[in-house]
Amino acid sequence: MKKAIGIDLGGTYIKGALIDEQGNILVKEQISTLKELGADDILRRIAELTRQLAQMGEVPMSDLLGVGIGIPGFIDERQGMAVEVINIGWKKILVREPLERMIHLPVFMENDANAAALGEAWVGAGRGTASAICVTLGTGVGGGIVLNQKIWSGSNHMGGELGHFVMDPEGAPCNCGRRGCLETFSSATGILRMARDGIESGVTTTLTIEELSTKGIFEAAVVGDELGQMVVAKASEMLGRGLAMAADLINPEMIIIGGGVAKAGDDLFIPVREAFLRYALPRVVEAARIVPALLGNDAGVVGAGKLAF
Ligand SMILES: [Zn+2]
């Protein structure tokens with residue numbers, strides 16, 4: 001059976017896995033990113049990790065189809081370049097050519113949210129589905145569009161960036177330089193910010209700034225805390241509305257929601273589905289199932305590996 005390596009480059013860890021053509025993870029390993037050591041060092045250690053995974057899986061390097069890498073930023077596939085990766089401090093770093101020279105295998109690149117979306121659509125919650133919108137609710141809101149089991153990367157790898165739908169032009173500043181993006185409401189960062197703002201403006205709550213967590217905010221909402229309920233309602237309303245806009249455009253079979261915030265389960269999914277129902281066209285709602293992601297942290301490496309097949 002054919003095999004490939006998937007790499008998920010993150011700000012703290014570089015995760016890697018050897019996967020087969022059915023999307024099974026045969027072995028996996030992670031190393032620290034150590035971004036302060038610079039791009040050359042990171043690429044060298046990705047090459048080492050690749051060799052190590054092949055060895056652990058007892059596959060000769062020459063039998064591998066290639067290496068796929070999910071990169072947490074903007075990429076230029078044609079030039080094999082990471083154009084800008086804010087959380088690793090990369091600007092215009094050549095990735096493909098130096099790596100291919102080190103490991104003598106074809107290297108494929110994708111944005112990390114797109115890679116995770118591809119993994120979920122391939123062997124996760126979206127297995128067998130033709131079309132899906134995938135969202136990851138973490139530090140930001142990542143998005144990916146899968147059509148016929150392939151990522152819709154867009155003309156310069158910006159496809160699926162629904163986290164930057166401007167929901168409120170006068171809202172809080174976003175990392176992208178604009179205001180009120182979906183990500184400022186429905187990411188973990190956005191949820192914490194809304195709770196902090198609420199505490200500072202004196203909304204009744206048992207939540208404290210010192211012990212704020214997204215989990216705590218969802219738990220407070222369940223037991224009737226006024227601020228908890230306000231924040232969860234806002235995050236869900238905006239996410240449901242953003243997903244409705246994306247779904248009206250794509251008409252997907254499935255909407256897959258993952259990332260740390262999705263761990264709230266029904267406390268998030270029920271209000272998101274209600275908002276989605278309010279804002280999407282009825283026939284679009286009929287076709288689209290909103291489901292939790294299944295692969296968790298493995299989605300990125302599985303999807304990155306898929307790029308090589
Ligand atoms: Zn934005």
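The values are calculated or read from the model by the stated rules, or taken from the named source; none is laboratory data. This is a predicted model, so every value here is computed, not measured. For neighbour counting, all protein chains shown are included, and Cβ atoms are generated from backbone atoms with ideal geometry for every residue, glycine included.
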Listing of helices (runs of 4 or more DSSP H) fully contained in the range 164-253 that carry 2 or more residues being touching a helix residue (DSSP H, G or I) at 6+ places or on another chain (Cβ under 8 Å) and aliphatic (A, V, I, L, M): 188-200, 214-222, 226-250
Qualifying residue in the range 104-116 (condition: at pLDDT 90 or above, surrounded by fewer than 15 Cβ atoms within 10 Å (Cβ to Cβ) and assigned to a strand (DSSP E or B)): no
Candidates Thr129, Thr139 - the one that is part of a loop (DSSP other than H, G, I, E, B), more than 22 Å from Ile5 (Cβ to Cβ) and in contact with an Asp or Glu (Cβ under 8 Å, 6 or more places away or on another chain): Thr129
Single condition Ile25 does not satisfy, out of (1) more than 17 Å from Asn297 (Cα to Cα); (2) modelled with pLDDT of 95 or more: (1)
Residue in the range 154-196 that is nearest to the ligand (Cβ to nearest atom), counting only those that are in contact (Cβ under 8 Å) with a residue 60 or more places away in the chain and among the polar types (S, T, N, Q): Asn175
Strands (runs of 3 or more DSSP E) wholly inside the range 21-102 containing at least 2 residues that are buried (at least 20 other Cβ atoms within 10 Å of the Cβ): 64-71, 81-85, 90-94
Val232 crowded, with 23+ Cβ neighbours inside 10 Å and either in contact with a strand residue (DSSP E or B) (Cβ under 9 Å, 6 or more places away or on another chain) or of a type in the set (Gly, Ala, Ser) (or both): no
Complete set of residues in the range 1-16 that are buried (at least 16 other Cβ atoms within 10 Å of the Cβ), closer than 21 Å to Ala82 by Cα and of a type outside the set (Lys, Arg): Ile5, Gly6, Ile7, Asp8, Leu9, Gly10, Ile14, Gly16
